[in-house]
Structures are given as C-alpha cells and as structure tokens.
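Read through the structure below, which is laid out as structure tokens, and then see the notes.
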C-alpha cells in the first residue's frame, strides 16, 4: 500500500482548498480588524478616518465602564461555569442507577439545550416579572417579600445567571452521563470488593475517570459564558444602571449604538486575547500531563 | 423502599425545574390576557387561540418565518456539502497532520462573533448588501463550515478503513470512493450534522441582529419587536415563542444522540 501522506495523495485535494480558503479569510479578516482598530473609524463620519496608533487600546485601560464590564464578565463566567459543573455532576451521581424511563429523562433534559436562547431569555423575563411573574408568586406563598429580579442593580446579574444555569446545566448532565456510561465498571467493583465505602469509590475512583469529560465541558462552558449575549440583550439590555453589561455586550453597544467601530474592535480583540489566555491557563491546569489525550 | 421513594421525589423535582418554565410559556400562549396575569395563577382555564391569531396576522412575523427557513436550510446545506468533502480528505490523513488542522478549525470557534460581524457590517453598508439574504447565508455558512468539518470527521472515522481499501483495490478513484462508499455509509451522520446546523442557525441571534435589515429579519430578531415601549404583549409573545422553538425541539429530539456529540465536536460521544 502507498504511504497515505505522500505528496501525490489525492485525498489532499479534498480538504486543502477549503483549509486555504478559511486560512485566507481569517488572516485577511484579522489584518483588516487590526487595521481598523488602529484608526478612528466611525460610521457617523465615513471616509475621514486617520491613523491613531494604539489610542483605542490606551482608551480601554482608562475606560471605567470597560473595566467594570471586564470584571463582570469574569464574575459571570466563573460563577456560571463552576455552578453548572457542580450542579451537573451532582445530578449525574444522583441519576447513576437503573430506573424506569431513564431514556425519557434524557430526552427531556435535552429540551433547554435546544431551546432558542432568545426564547429562554423571554421565558425567564416572564417568570421574573415583578408584578405578575411566577418567581415572586412562589416567594409570596412562603411569605417572603417581593424581589425586583431584573430591576435591581444588585440582583439583575444573578437573575440572568439563573437563566444561564437553567439552560446549560442539562448539557453538563448529558455530557458527563455519556462519559460515565462508557467508563469501565471493573475499577469500581474492585474498589468495593477491597472494602472501600461508597463515597470513597465516588471520590477516588469515579471522579478521576470523569476528569477528561469534566475538563472538556468546563472549557466549553467557559468559552460560551465569556461570549454570552442573547440572555443579556433580552432580559436586561445591560441594565439597570449598566449592572449587567459584560464586555461582549459593551462592545456591541460601542459598535452599534455609538457607531465607534474602531474602539469596538479594539474591545473585541482584547476580549479574544483575554479568552485565549484564560483558556490556555485552564487547559494547562485541566490537562497537566502531555500524554493525557 | 424509603430510599427508592426519595429518589423518585428527587427525580420529579428535577424534571419540574427543567420543564416548568417551558410549560408555563406554552400554557400562557393559550390564555386570555386576564387569565395570563391572574394572581394567584390560573391552572385550569378555557383555552383560546386569540394569541396565535394575533401572531399570524402580523406580516412581519410571517416573513421572518420564511426568512429563517430559507437562510437556515441554504446555509446549512452549503456548509455540509463543503464540509463533507473536506472532512473526507482530513479523515484519511495521518494523526499529527490531522490534529494540527483540527486545532486550527477549533480555534476559529473561540473568537467572539463581534470580531467578524463588525467588519462584515462595515463592508455590507459600503456595498449596500445589508438587506440581502445572501449576506446572511454567507455569514452562517462561514460559521457552520468549521463546525460541520469537525463533526463529520468523527462520523467518517467510524467507517471501517477496509471499505476504502477494498474500493481502492477495485480501482475506484478517490472521488468515487467518497461519493459511492463514504457518503452512503455516513448518511445518518450527515443528516444529523445538517439538522444540527439548521438548529444552530435557526436559534442564532447575535449575527442576525446585526446583519439583517427590514426584509431579511429572522425569527429571533423579529420576536424582539413584541417588546415595545408601550409594554410587553405577553400573550402574543408567548405564542410567537412557542412557534419558534417547537420545530427545533422536534428536530433536536430526532437527533438526540448527536446533540451532545455535536456540541463537543465529537470529543465526547453521546
């Protein structure tokens, strides 16, 4: 048989044109984006842009609104990722037994994941309505005073977080469940035969086996939380008093409300760099050994 | 016995938490305005289709439905067609080369949409393409191609290498192996990939918000028009929300085994 990697290998023609297209497109896009971010391009006065060097990046460092948005993004991402993983893992361990209708439960867990995010935002805005929403009605049943879920600057970010947790914890559950089912059961039984208690089996044998799946789902959830937009746009529009404005959302406002696209792209670039640094850090913590994959 | 009962109570609570918000929206869409805002909530009521009549009388919503349909089908078909060719080639490569390519494809996913939407918006205003369907189809195809490639590779990997070797011994050309052996063998995976692309495109909001004009608005953008300054028309809104999500829930349940695989790009097989 011929070596498959030979230069004449015809299978190369199947993917190379597309890879080249994607590469050219992303390189051109990157250069264009950097070029714009070094100018003061605004849609309000097109055609009169001039080179401003790193001004947009310096402006970012001195922009308290941007800094607050960055901090909020970090807070939201860390809380969403940690809570979703912890809650998801707890549910997986809870469901780890044979019971009737397990398949049906799995199908039902899929529903939040494939629901249109805009509809998820509307749903939770409906439930959180201060006067007629279900959330306050439930509180009134147990005699707790009404909460202004989306109208209070101290609470609104956490209300959006609740919606995010509702939508994405099932994703963690399904993914970890799949990993658990493909894991071998022999080590578990061996540990039980050796007299380990049930919590010891879970902690020392089961969790290490799930590490790779948990690490992957943590990375995915972190990427998506940093970029979260739909729920914020629908539920709060960054308000009240900018208390739910994340960096991604601020970038959107700068670009399409103020039409200051140079500064918006500087923000987008900073967000991208920031995401990459965070991911690489997470990656090296979660996959410390090189032979892990 | 008590443990078992406790387990089912826990399971019921879990399902209640997952399904109640959805149930409440769908049920509200069949209520009159008075019932929808009654406190304490009305659990039993005589259903009405008034909200759906309002939605169907809204021409903007109907054209948004058509736009969503056209844009998600065309861009997904384009992405899967291009993606399956590339994925076939990549699936035949030695491991190191593949991993480098796959990493590159994955890295395209990390950048926030803002990064490519702003330049696209800027160029589109320059050439007057903002209100054109092809702009949206191109944007989504660009987003979906890397996804389709990464997912399709995992399906092509499931096909035994012996099939390809046997076809080559028979003197088949690469393209005919791809067309007559791989495509039929991976049919289920290709359909699943197509459905997932449609699902993501249909649900996508940010790109659509920026790149659509009056004539090309998709459903998620169009539904925000019910959030008016005069207040929110919850009745019509819940009916519209139900109409938007139901087709996707049906599609999602059809390919349920593949959703988790798709969202993790095959790194975990569900």
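The values are calculated or read from the model by the stated rules, or taken from the named source; none is laboratory data. This one's a predicted model, so the numbers in the text were calculated from it and none came from an experiment. Cβ coordinates were reconstructed from backbone atoms using ideal geometry, including for glycine residues, and neighbour counts include every protein chain displayed.
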If we take region B:1-104, then helices (runs of 4 or more DSSP H) inside it with 1 or more residues that are over 27 Å from residue A:106 (Cα atoms) are B:33-36, B:50-57, B:59-91
Of the residues in region A:121-138 that are more than 7 Å from chain B (Cβ to nearest Cβ) and out of contact with any helix residue (DSSP H, G or I) (no Cβ under 7 Å at 6 or more places or on another chain), the one that is farthest from residue A:161 (Cα to Cα) is A:131
Exercise. State whether the residues of region A:171-186 include one that is within 9 Å of chain B (Cβ to nearest Cβ) and assigned to a loop (DSSP other than H, G, I, E, B).
Key: no
With criteria (1) assigned to a helix (DSSP H, G or I); (2) more than 14 Å from the chain's Cα centre (by Cα), residue A:218 comes up short on (2)
Is it true that some residue in region A:244-260 is surrounded by fewer than 18 Cβ atoms within 10 Å (Cβ to Cβ) and away from chain B (no Cβ under 13 Å)? no
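This table checks each residue for (1) touching a residue at least 12 places away in the same chain (Cβ under 8 Å); (2) more than 8 Å from chain A (Cβ to nearest Cβ); (3) farther than 28 Å from residue B:49 by Cα.
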residue: B:200; (1), (2), (3): yes, yes, yes
residue: B:207; (1), (2), (3): yes, yes, yes
residue: B:212; (1), (2), (3): yes, yes, yes
residue: B:215; (1), (2), (3): yes, yes, no
residue: B:218; (1), (2), (3): yes, yes, no
residue: B:222; (1), (2), (3): yes, yes, no
residue: B:225; (1), (2), (3): yes, yes, no
residue: B:234; (1), (2), (3): yes, no, no
residue: B:237; (1), (2), (3): yes, no, no
Filter pass, residue B:177 being over 29 Å from residue A:252 (Cα atoms), more than 12 Å from chain A (Cβ to nearest Cβ) and buried (at least 22 other Cβ atoms within 10 Å of the Cβ): no
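Picking from B:196, B:183, which residue would you name as being out of contact with any helix residue (DSSP H, G or I) (no Cβ under 6 Å at 6 or more places or on another chain) and either over 30 Å from residue B:28 (Cα atoms) or crowded, with 23+ Cβ neighbours inside 10 Å (or both)?
On the way: B:196 fails: out of contact with any helix residue (DSSP H, G or I) (no Cβ under 6 Å at 6 or more places or on another chain).
Unique residue meeting the criteria: B:183.
For region A:79-100, which positions are without any contact (Cβ under 8 Å) to a residue 60 or more places away in the chain and either closer than 14 Å to residue A:210 by Cβ or surrounded by 13 or more Cβ atoms within 10 Å (Cβ to Cβ) (or both)? Outline the logic, then answer.
The initial filter retains those residues of region A:79-100 that are without any contact (Cβ under 8 Å) to a residue 60 or more places away in the chain, namely A:82, A:86, A:90, A:94, A:97-100.
Correct list: A:82, A:86, A:90, A:94.
For the condition in a helix (DSSP H, G or I), surrounded by fewer than 21 Cβ atoms within 10 Å (Cβ to Cβ), over 16 Å from the mean Cα position of the chain (by Cα) and modelled with pLDDT under 90, what is the one hit in A:201, A:277?
Details: A:277 fails: over 16 Å from the mean Cα position of the chain (by Cα).
Within the list A:201, A:277, the selection yields A:201.
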If you go through B:52, B:88, the only one that is in contact (Cβ under 8 Å) with a residue 40 or more places away in the chain and at the interface with chain A (Cβ under 8 Å from one of its Cβ atoms) is B:88
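Among the residues of region A:121-132, how many are surrounded by 21 or more Cβ atoms within 10 Å (Cβ to Cβ) and outside any helix (DSSP H, G or I)? Spell out the reasoning first.
We begin by selecting, within region A:121-132, every residue surrounded by 21 or more Cβ atoms within 10 Å (Cβ to Cβ); these are A:121-128.
From the residues that got through so far, the ones that are outside any helix (DSSP H, G or I) too are A:128.
Summing the residues that are surrounded by 21 or more Cβ atoms within 10 Å (Cβ to Cβ) and outside any helix (DSSP H, G or I) in region A:121-132 gives 1.
From B:9, B:42, B:25, which residue is modelled with pLDDT of 80 or more and in contact with a helix residue (DSSP H, G or I) (Cβ under 8 Å, 6 or more places away or on another chain)? Break it down into steps so the answer makes sense when it comes.
Details: B:9 fails: in contact with a helix residue (DSSP H, G or I) (Cβ under 8 Å, 6 or more places away or on another chain); B:42 fails: modelled with pLDDT of 80 or more.
Only one candidate qualifies: B:25.
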Apart from one, (1) in contact with a helix residue (DSSP H, G or I) (Cβ under 6 Å, 6 or more places away or on another chain); (2) in a helix (DSSP H, G or I); (3) under 25 Å from residue B:67 (Cα atoms) all hold for residue B:243; the odd one out is (1)
The helices (runs of 4 or more DSSP H) lying wholly within region A:14-120 that contain at least 3 residues that are within 13 Å of chain B (Cβ to nearest Cβ) are A:64-95, A:102-114
Note on residue B:96: of the conditions (1) in contact with a helix residue (DSSP H, G or I) (Cβ under 9 Å, 6 or more places away or on another chain); (2) more than 8 Å from chain A (Cβ to nearest Cβ); (3) within 23 Å of residue A:26 (Cβ to Cβ), unmet is (1)
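So for region B:7-20 (the condition being within 12 Å of another protein chain (Cβ to nearest Cβ), surrounded by 11 or more Cβ atoms within 10 Å (Cβ to Cβ) and in contact (Cβ under 8 Å) with a residue 12 or more places away in the chain), does at least one residue qualify?
No: region B:7-20 contains no residue that is within 12 Å of another protein chain (Cβ to nearest Cβ), surrounded by 11 or more Cβ atoms within 10 Å (Cβ to Cβ) and in contact (Cβ under 8 Å) with a residue 12 or more places away in the chain.
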Restricted to region A:140-157 and to residues being surrounded by 14 or more Cβ atoms within 10 Å (Cβ to Cβ) and assigned to a helix (DSSP H, G or I), the residue farthest from the chain's Cα centre (by Cα) is A:156
Picking from B:44, B:78, B:115, B:62, the residue that is without any contact (Cβ under 8 Å) to a residue 12 or more places away in the chain and surrounded by 15 or more Cβ atoms within 10 Å (Cβ to Cβ) would be B:115
Going through (1) under 30 Å from residue B:206 (Cβ atoms); (2) within 11 Å of chain A (Cβ to nearest Cβ) one by one, residue B:169 fails only at (1)
